[in-house]
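Chemist: Got a structure for you, written out below as structure tokens; questions coming shortly.
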Amino acid sequence: MLSILAQLTQVDPSTARNTKMKSGLLTAWSGTQMLLSRAAGLLDGTPFKTPVAAVNVLIKLGNDVAENNDALKDIIASTEERLNTVATALAKEGDTVAHAMIQDFAG
């Protein structure tokens, strides 16, 4: 049944399983992050406090890097839109020198 549905929708049957698995892993990871962050306060005076604190710092660092990557992608997309707008405006002018400069800049 799954393979027939996949043929009808032109989707690889493993894609649905992969999506479901990825969703489950993301949920499990979120739960692990929450557990570790809450456990850090309960581990005072035990030898596990330092390793859990280190893991929490690494998790926060990873999350911050992912957020920065998303922000960087947004900035690049915005810059691309602006450059395309400028290129379009210059191309409409019919100036061959400006057009040559745009082509040279674009590489």
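The values are calculated or read from the model by the stated rules, or taken from the named source; none is laboratory data. Computed from a prediction, not measured in an experiment: that's the story for all the values here. For neighbour counting, all protein chains shown are included, and Cβ atoms are generated from backbone atoms with ideal geometry for every residue, glycine included. Quick note on the areas: whole protein, heavy atoms, side chains included, nothing else; ligands and nucleic acids left out. Shrake-Rupley method; radii C 1.70, N 1.55, O 1.52, S 1.80 Å.
Chemist: Determine whether Asp64 is surrounded by fewer than 10 Cβ atoms within 10 Å (Cβ to Cβ) and at pLDDT 85 or above.
Modeler: No, not satisfied.
Chemist: Hey, Ala54 hits all of (1) farther than 19 Å from Trp29 by Cβ; (2) open to solvent by less than 70 Å² (accessible area, probe 1.4 Å) but one; which does it fall short on?
Modeler: If we test Ala54 against (1) farther than 19 Å from Trp29 by Cβ; (2) open to solvent by less than 70 Å² (accessible area, probe 1.4 Å), just (1) comes out false.
Chemist: Here's a follow-up. Which pairs do you get when a residue that is modelled with pLDDT of 75 or more, found in the stretch 75-101, comes within reach of a residue that is open to solvent by 80 Å² or more (accessible area, probe 1.4 Å), reach meaning Cβ atoms under 6 angstrom, with the pair 6+ apart or on two chains?
Modeler: none
Chemist: Any residue in the stretch 17-33 that is modelled with pLDDT under 85, more than 20 Å from the chain's Cα centre (by Cα) and either surrounded by 10 or more Cβ atoms within 10 Å (Cβ to Cβ) or not in a helix (DSSP H, G or I) (or both)?
Modeler: Checking the stretch 17-33: at least one residue is modelled with pLDDT under 85, more than 20 Å from the chain's Cα centre (by Cα) and either surrounded by 10 or more Cβ atoms within 10 Å (Cβ to Cβ) or not in a helix (DSSP H, G or I) (or both).
Chemist: For the stretch 40-52, which residues satisfy the criterion of being part of a helix (DSSP H, G or I) and out of contact with any helix residue (DSSP H, G or I) (no Cβ under 6 Å at 6 or more places or on another chain)?
Modeler: Gly41, Leu42, Lys49, Thr50, Pro51
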